[in-house]
Structures are given as C-alpha cells and as structure tokens.
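Enquirer: Once you've had a glance at the structure underneath, I'll fire off some questions.
The values are calculated or read from the model by the stated rules, or taken from the named source; none is laboratory data. Owing to the predicted nature of the structure, the values given are computational and were not obtained by experimental measurement. Cβ atoms come from the backbone with ideal geometry, glycine included; neighbour counts cover every protein chain shown.
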Amino acid sequence: MDKQADIKRISDLRKVIEYHNKRYYQQDAPEISDAEYDHLMRELQDLENRYPETFSPASPTQRVGTVPLAKFASFNHPSPMLSLANAFTSEEIIEFDNRLKRLAGVDHISYIAEPKLDGLAVNLIYENGIFKKGATRGDGTTGEDVTQNLKTISSLPLKIKPFSKSPIPSFVEIRGEVYIEKEPFEKLNIRRIKDGEEPFANPRNAAAGSLRQLDSRITARRPLNIFLYGIGNVIGIDFSTHGKVLQILAGWGFPVNKLIEQAQDIDACLQYFERIGTKRKSLPYEIDGIVLKVDNLSMQKTLGNISRNPRWALACKFPAAQETTTVKDIIVGVGRMGTLTPVAIMAPVNVGGVMVSRATLHNEDEVIKKDIRVGDTVIIQRAGDVIPEVVKVIMEKRTGREKKFKMPSQCPECGSEIVRFEGEVAHRCVNISCPAQLKEHIRHFASRNAMDIEGLGEKVSAQLFDAKLIADPADLYFLTKDQLVALDRQAEKSAQNLIKAIAKSKNPPLDKFIYALGIRHVGERTAKLLADHFGIMENLVAAKQEDLMEINEIGPEIAAAIVEFFHEQKNINVIKKFAKAGVQPQKKESAVNSPLQGKSFVFTGTMESMGRNEAKTLVENLGGIIHSSVTKSTNFVVAGSEPGSKLDKAKSSGIKIISEDEFLKLINR
C-alpha cells in the first residue's frame, strides 16, 4: 500500500473524528451514527499501529483508557488554584462591589458573571498547543496528576485549535470544572444498582470518583464533561480582560459555558443571579450559584488575594434546597475523640437532587435549642447545598405523641460513663478502649491526609477490627495476606494490594505521622509545627508542657492535650509497637546553608508576585519558620500592599520589616 496515502489518511481521520466529537459532545448535534463513528475510530487505530512513527498525543485515539495507574503522582500547580469567598444575600454581593471600588479607588467595576457548576476543579497544562498534564485542585498548591483520565473526556481538546485572533502560547494553564449532567448521572446510577454497586450520592461525587479511578478505562466509561473558565500562568500571549480570555478559549476549541455574560455593574450581576436562579432546575447540569469576577485583569492583579481567596472574585450561593420530612429516631454516634453526636434518622427525602435520610444534630444543646423530638415534622436543608441539617421543627404538625431526646448516661458502644467537661458543649465517652473510638481512630490513621493507606477505608477498618485482627493502628503492620483473604469479600488481589499499601506507609513524613496519631486538638497545621520544632518522635514524646508552649501558635490547652496523650501508657505502648513493626517517621531535611534556616517570618498585606501561601511554602522549604502573629521571637515581618496591624506591632517591637522586593532577594528570586 502507498505509505504517503496512509499517512495523509491518518491526518484526515484525526480531523474528521475531532469534528464529530465536537458535534456530539459540545453541540449535541451528531451527524453520524455510533456505528459509523466506531468504524472511523477503528480505521485510525489500525493505521496508527501500522505506522508508529505517526504517534501524536493529540490524536483522538489517545482518549482511550490505558492500563491502570499504580498510584496518582502529585502535581505542583505552577500558580495556586485559589478557592472563592462566598456570599449568600444580595446585601453581601453589594458590599463586595463597594469594597472592591474602595480598594481599587474607582467608581465603577465591570464583571463577568458565570454559573457555578457543582463539579470538580481541574488544572490543565498545554505546551505549544499540546495537552501535557492535568491535575485536580487538591489543596490549591498540590493536586493529583489525573492526565490519563482527563484524556478520556471527549469534549476536552488534546490540541489547541489555531485561532486567527490569538497566537498559540508556548505554555498555558487552563482552569476548568469536570462534571456529569443530570440525565447521564441517573442512567449511571441505574446501571450501578443493576450491577449490585452502590449508587453515587450526587453528580459531583460521581464526577470526582470517576476522575480519580486508577484505571482510566473505567473513567472512559463514565459520562464526564468539562467547561473551561479561566487561565493561570501563560507564556506567549497577553490578555487585558477576563472576557477576552473566555473568547480566546472558545476560539481555541475549548467548551466554554454559553450562559456566561458580561455584567456592566453590580445591578446587572444581581439581575443575572436572579435569572440564573430561575433557570437552575431546567439546566442539564447541577449548579449551586453564580461566580462574579472582575473583568479587568490589571485590576484583578491590583486587588490581589486574601489568604486562599482572590479579592476580585465571589461565589454567590443560591439559597439551600429545603424539604419537609419526619424524624423517625435520634441515635448517638461516637467519634474518635469520644465525642457523642446525636443524629436524626429521617424518612428519606430528595433534597436538591440528593436522597437524605440522616442529619447531624451536633450536640444536646442544639437539640434542646431547636426542640427536636422523635416523631416531629421538620424542615431540612443541605447547608451550602452539601451537608444535611435540620433547620426547624414545624410546631403546627405536633400531635403530642413526640418523644423528647435525652443524651444517654452510658456510651451506646461500650457502656462506659459519659461525662461533660466544664466549658464544653460535647458529651464524651472517656474509655480510650471504646470500640467506636478505636474504629474511628484507625480510619483517621489511614486517611489521605494522615498515613494515606490506599484501600483502608471505613468499611475495611471496621471489618478488621470486628474480626479482632487489629485493636489499634500499629496492628495494621503485622497483618498478613492470608488473614485478609480469610475475611468476607476480600479477594486475593485486593488483599495483596492492601498489604503493599500498608508496607508503603512505613516511612511517612513526621508531621503526617503525628497528625495520624489522633492527638486531641492537633490538626495538620499543629502537627507540622511539632515536627519542625522537635525533629524526631522521641523529642516530642519527652516534651513538657512548657517546652510545647515555646512554639508559636501552641497555647496551654493544646500543650496540655499533647502531654496528656504521651503520659497515657497505652499510647506509649502503641508507639513502641510502631517502632517494632519498622514504622520510621522521616524528619524533613533542612535546607543546607540557607539564609532562612531557623529564621521566623510573619506576612502582612498582599504579595504582588505570588500568593501568601506560596511565599510561606518557599520559606518553609528553605528552613524558615512561619508565625501567624508578631512575637519577640519573630525575625522578619514581610510587608506587602495594604498591611494590617501586624506592621504596627512590628514597628513598636523593633522587629525588622522588609518589603516584598527585599524578601525576593533574600530567597534568591
């Protein structure tokens, strides 16, 4: 056969298939049958296999799922993916506009208004027009590399289309939202139920779960879609407005939501909010509000960011979806710290597209305050369209047969005494061997932000505990494959994978290990402070309360909780068991010869060249220490634009104050 003709045919087929992808996925107007499409795709695959030198990552064939990934790699976003501040009323939206006009020193601001999709945020990297990497938002700085799974989304271009109004940049970050439409979601759940699988709770969960599949062939079978709504870093092109960014994205071939509008002032934004709210139920996808963004990009830069939120953007949330149901029972759950939480068991009801049958009542005081009784008819809502909560009791529906709730005097799990410490609203089980606490403790230990043991979720943790194979987290490291295989619904392959995942977690960062221990009041931030200060586990175990209080941000309550934890002999025995199993927490290596080594920094005001979180990470990576407030031990206060009261305190205390430019020189930027 003629090789040149075949190679030309490959090029033609790629163009034809991309055209039909756009007609099917973006325009909902297919021109050929599925069988015809499959025939074209099969022909292209055969030709590409025959001529491997024609391989292109932008080929439509590269959307097909590949072999399962061993583990998602982490991905550092070139520029932070910030979260948005929320507004729930028109007054808050108007105040947002007034605040920005004061800060920018202008009388008028034009905005871009867009629907706020209920999906999963992603960051896409294109180099010289070719899709190279894609990741979830993660913590805003580091996400999960899900490149192969993103390639299965047929509406996502693998190659930027040339556009007369714009050159193709050599590098660009494109931000978007992965989602599943309502009707395909319902069909997906029907199929899962038919196959004996648990249905997804809502479209967002389905989208997130699909994008995080280790086998991209599974992702390819899920009805994922995507809208692109902005950019991060870009090289090779300049933009003046956000509206222009969206126009260019659409010109490059990216799906951009057609409901996005330019709003000339805040009144137009409020009208858009009302108009989209009335369309909400008729849209093919879930939204939970709108997003407003300052259109002028130069003004965006001037306004800057506050912590994890850009000043120039706002998420305006629709009122939470509410429904009426009845309280069938109030049960009490026990958390890993022994906290007892009353939970309302209700007649199932659909709230904003999600079936709800349980809602937390927080604590006994909250139950008494709202006077919630078993048998009551109540109004419930999903707070922020996510968490179910009881809003109020409909008193007119009371019959007199309702039963008041009373917190039990004994733990429902172990029968131990329940206490309520002075100054606390929570009731607690004080038995540290309580089965419910231990199960929750093991689940926390294995969770993603702690030891990150893949495959060891709530159900498996409880199964291991109930089978008496583990009594504490350290027992995990003595499990064998044969023990796991003997359990119900544990196949040999999944058992082997779990054993590997447990073994892989034996050398965690010290701060992750400290957080995983589940010490009261010690979250991820405090665990990092402890790891940085003490360096090794032995030093922390031996620390006295006064030693702990030398650390900025640790007060007497946290210090007392840490000392109490390590004075408990059962906890010391577990730590010794970890060591016997070969678990060795790793101290983070200090930066060698860094001018920041051991120096403490406080940031105030807005950084122009980078976000404050990025600056703090740089300091910590170079051996420096971050303080949240100015103290005598502070070495530098970095003052950005619009500094706050920390600057005044630094001046009065004689602390060295440096500008952003001086800070950049200090870190060799």
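Enquirer: When residues of region 491-525 are filtered for being farther than 26 Å from F565 by Cβ, touching a helix residue (DSSP H, G or I) at 6+ places or on another chain (Cβ under 7 Å) and in contact (Cβ under 8 Å) with a residue 24 or more places away in the chain, how many remain?
Expert: Matching residues across region 491-525 total 1.
Enquirer: With the requirement that a residue be surrounded by 17 or more Cβ atoms within 10 Å (Cβ to Cβ) and outside any helix (DSSP H, G or I), what does region 86-103 give you?
Expert: Of everything in region 86-103, just one residue is surrounded by 17 or more Cβ atoms within 10 Å (Cβ to Cβ) and outside any helix (DSSP H, G or I), namely A87.
Enquirer: Now for a different question. Within region 652-669, work out how many residues are surrounded by 13 or more Cβ atoms within 10 Å (Cβ to Cβ) and assigned to a helix (DSSP H, G or I).
Expert: Count: 5.
Enquirer: Oh, and also: Hey, does region 419-429 have a residue that's of a type in the set (K, R), out of contact with any Pro (no Cβ under 9 Å at 6 or more places or on another chain) and surrounded by 13 or more Cβ atoms within 10 Å (Cβ to Cβ)?
Expert: yes
Enquirer: Still on this structure, I have one more. I'd like the full set of residues that are under 11 Å from L249 (Cα atoms), part of a loop (DSSP other than H, G, I, E, B) and among the β-branched types (V, I, T), limited to region 156-185.
Expert: Across region 156-185, the qualifying residues are I160, I168.
Enquirer: I'm told K528 meets every condition in (1) of a type outside the set (S, T, N, Q); (2) in the same structural domain as A450 (by TED's automatic domain parsing); (3) under 27 Å from I562 (Cα atoms) except one. Can you identify the failing condition by its number?
Expert: (2)
Enquirer: Next question, about the same structure. Mind counting the residues in region 105-155 that are within 19 Å of N309 (Cβ to Cβ), aliphatic (A, V, I, L, M) and not in a strand (DSSP E or B)?
Expert: 1
Enquirer: From the list I174, I190, I153, exactly one residue is surrounded by fewer than 14 Cβ atoms within 10 Å (Cβ to Cβ) and not charged (D, E, K, R). Which is it?
Expert: None of the other options fit; the residue is I190.
Enquirer: Which numbered condition in (1) of a type in the set (V, I, T); (2) in a strand (DSSP E or B); (3) farther than 28 Å from I260 by Cα is the only one that I226 fails?
Expert: (3)
Enquirer: Continuing with this model, one more query. So S628 clears everything in (1) within 32 Å of the chain's Cα centre (by Cα); (2) surrounded by 13 or more Cβ atoms within 10 Å (Cβ to Cβ) except one condition, right? Which one?
Expert: Unmet condition: (2).
Enquirer: Still on this structure: Applying the selection to region 432-446, what residues are more than 16 Å from V460 (Cβ to Cβ) and β-branched (V, I, T)?
Expert: Correct list: I432 only.
Enquirer: Take the residues in region 631-651 that are assigned to a loop (DSSP other than H, G, I, E, B) and among the β-branched types (V, I, T), then tell me which one is surrounded by the most Cβ atoms within 10 Å (Cβ to Cβ).
Expert: Checking each candidate, the answer is T634.
Enquirer: Could you give every pair whose Cβ atoms fall below 8 Å, whose first residue belongs to region 561-573 and is among the hydrophobic types (A, V, I, L, M, F, W, C) and at pLDDT below 90, and whose second residue is assigned to a helix (DSSP H, G or I) and surrounded by 15 or more Cβ atoms within 10 Å (Cβ to Cβ), counting only separations of at least 6 or pairs across chains?
Expert: F565/N571
Enquirer: Restrict the check to region 521-539 and report whether at least one residue is among the aromatic types (F, W, Y), in a helix (DSSP H, G or I) and within 23 Å of V602 (Cβ to Cβ).
Expert: Yes, some residue in region 521-539 is among the aromatic types (F, W, Y), in a helix (DSSP H, G or I) and within 23 Å of V602 (Cβ to Cβ).
Enquirer: Hey, another quick one. Would you mind telling me which numbered condition in (1) hydroxyl-bearing (S, T, Y); (2) out of contact with any helix residue (DSSP H, G or I) (no Cβ under 6 Å at 6 or more places or on another chain); (3) surrounded by fewer than 19 Cβ atoms within 10 Å (Cβ to Cβ) T136 fails?
Expert: In the conditions (1) hydroxyl-bearing (S, T, Y); (2) out of contact with any helix residue (DSSP H, G or I) (no Cβ under 6 Å at 6 or more places or on another chain); (3) surrounded by fewer than 19 Cβ atoms within 10 Å (Cβ to Cβ), T136 misses (3) alone.
Enquirer: Say whether the condition of being touching a Phe, Trp or Tyr at 6+ places or on another chain (Cβ under 6 Å) and in a strand (DSSP E or B) is met by at least one residue in region 296-312.
Expert: No, region 296-312 contains no residue that is touching a Phe, Trp or Tyr at 6+ places or on another chain (Cβ under 6 Å) and in a strand (DSSP E or B).
Enquirer: Taking region 362-393 as the search range and keeping residues that are modelled with pLDDT of 90 or more and part of a loop (DSSP other than H, G, I, E, B), which one is farthest from I330 (Cα to Cα)?
Expert: Of everything passing the filter in region 362-393, D371 is farthest from I330 (Cα to Cα).
Enquirer: Further question: Any idea which residue in region 349-370 is nearest to the chain's Cα centre (by Cα), counting only those that are surrounded by 15 or more Cβ atoms within 10 Å (Cβ to Cβ) and acidic (D, E)?
Expert: Filtering first and then ranking leaves E366.
Enquirer: Report whether or not I575 is outside any loop (DSSP other than H, G, I, E, B), surrounded by 15 or more Cβ atoms within 10 Å (Cβ to Cβ) and of a type outside the set (D, E).
Expert: yes
Enquirer: Please go through (1) at pLDDT 90 or above; (2) more than 21 Å from F227 (Cα to Cα); (3) touching a Gly at 6+ places or on another chain (Cβ under 8 Å) for V178 and return the number of the only condition it doesn't satisfy.
Expert: For V178, the exception is condition (2).
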